[in-house]
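First up is the structure itself, then whatever we jot down about it.
Read-outs throughout are calculated quantities, based only on the coordinates presented, and are distinct from any laboratory measurement. Source: prediction; values computed, not measured. For neighbour counting, all protein chains shown are included, and Cβ atoms are generated from backbone atoms with ideal geometry for every residue, glycine included.
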Amino acid sequence: MSVITTKQLRENMPQVIQDLKQGKPIQLSYRHRVIGILQPVDTEPGALRRGSPEAIRRSLQGLQSLSVPLAVSRDKRSIKEQIAELRDKRRG
């Protein structure tokens, strides 16, 4: 992992962006101390939104005994949104 200063970040932003696109994490230092890490993210077009029904279905794919209810799998909202709605219905 390479280390760059905040000044180098300002001066060499195109190179930093290129390194991140190549999947290289970069440590950012300020006054001789590392203050953070610039980490590349998964930007594939097929990347799933965390908590979406499809992401959960794929993560549970190997489990035979667990199935996702049809109503949940057809709903385009995230699981968090669906749970929040159920909680609201129970409260009021």
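With both labels modelled 7 Å from their Cα along Cα-to-Cβ, the LYS89 to ARG49 distance reads 2.0 nm.
The label-point distance for ARG10 and SER29, in a model that sets each label 7 Å from Cα toward Cβ, rounds to 1.8 nm.
Each Lys or Arg adds one and each Asp or Glu takes one away; over the other residues whose Cβ falls under 15 Å from the Cβ of ILE35, this sums to +4.
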